[in-house]
Amino acid sequence: MRTLIAIAALLLVLPTMTAPAAASSELEPLGFLLGKWVSPSTGQPGEPTGMAEFSRGLQDRVMLRNNYADYPATAGRPGVRHEDLMVIYALPSGGLRADYYDSEGHAIRYAVQVPEPSHAIFLSEPATGEPRFRLSYRLQPTGVLEGAFEIAPAGEPEAFKPYLAWESRKTKDRAPSEVGP
């Protein structure tokens, strides 16, 4: 009887033990994004600086992107900080999705494609009367991560126009013992 109970318990637990590996393998093509990426200003007036960190979460079931951009004050506008969070996950039926939320109250749901290694495209679904969004990342052989955010106006779901473009470089965190006084 004890053996039967042990086998039944194992059969209940076994599917949950293998699920993180499946989700992790689905997310693997996005592994090139993992780490902290800094986008420094080139010195142009009003140009933002920022940082994005991609990390694994929920026992490798999701990838998280925490991002911010600081826009300095200009003659006609005060300085502002934009913050956002994106959760990237594998669907049980296959494929990748991402949900984006920002400090301005926007929410975007993306389908995620990896057309080639080190290149990811996040594409929002077309919706009547709504703009469509495309976010893309491409890691260059030099180690520079190029990013672009494009918008297609309502009624023209494929007419994407550049909105933002940036370059980021991966940073290395210093160990606590390396941090000075």
*Which of (1) within 18 Å of R65 (Cα to Cα); (2) exposed (fewer than 10 other Cβ atoms within 10 Å of the Cβ) is the odd one out, the single condition A98 does not satisfy?*
(2)
*Give the residues of the stretch 36-55 that are surrounded by fewer than 17 Cβ atoms within 10 Å (Cβ to Cβ) and of a type outside the set (D, E), sorted by residue number.*
K36, V38, P40, S41, T42, G43, Q44, P45, G46, T49, M51, S55
*Which residues, taken from the stretch 143-170, are surrounded by 15 or more Cβ atoms within 10 Å (Cβ to Cβ), over 18 Å from T49 (Cβ atoms) and modelled with pLDDT of 95 or more?*
E150, I151, A152, F160
*Return yes or no: is V112 in contact (Cβ under 8 Å) with a residue 60 or more places away in the chain and in contact with a helix residue (DSSP H, G or I) (Cβ under 8 Å, 6 or more places away or on another chain)?*
yes
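Checking the structure you have, find out if any residue of the stretch 123-135 is touching a residue at least 40 places away in the same chain (Cβ under 8 Å) and either under 19 Å from L33 (Cα atoms) or of a type in the set (D, E) (or both).
No - not one qualifying residue is present in the stretch 123-135.
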*Counting only residues that are in contact with a Ser or Thr (Cβ under 6 Å, 6 or more places away or on another chain), outside any strand (DSSP E or B) and without any contact (Cβ under 8 Å) to a residue 40 or more places away in the chain, how many does the stretch 41-67 have?*
3
*Looking only at the stretch 127-141, and only at residues there that are part of a loop (DSSP other than H, G, I, E, B) and small (G, A, S), the one that is surrounded by the fewest Cβ atoms within 10 Å (Cβ to Cβ)*: G129
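The values are calculated or read from the model by the stated rules, or taken from the named source; none is laboratory data. Predicted, not measured: the structure shown is a model, and the values here were computed from it. All Cβ positions, glycine included, derive from the backbone under ideal geometry; neighbour counts span all protein chains shown.
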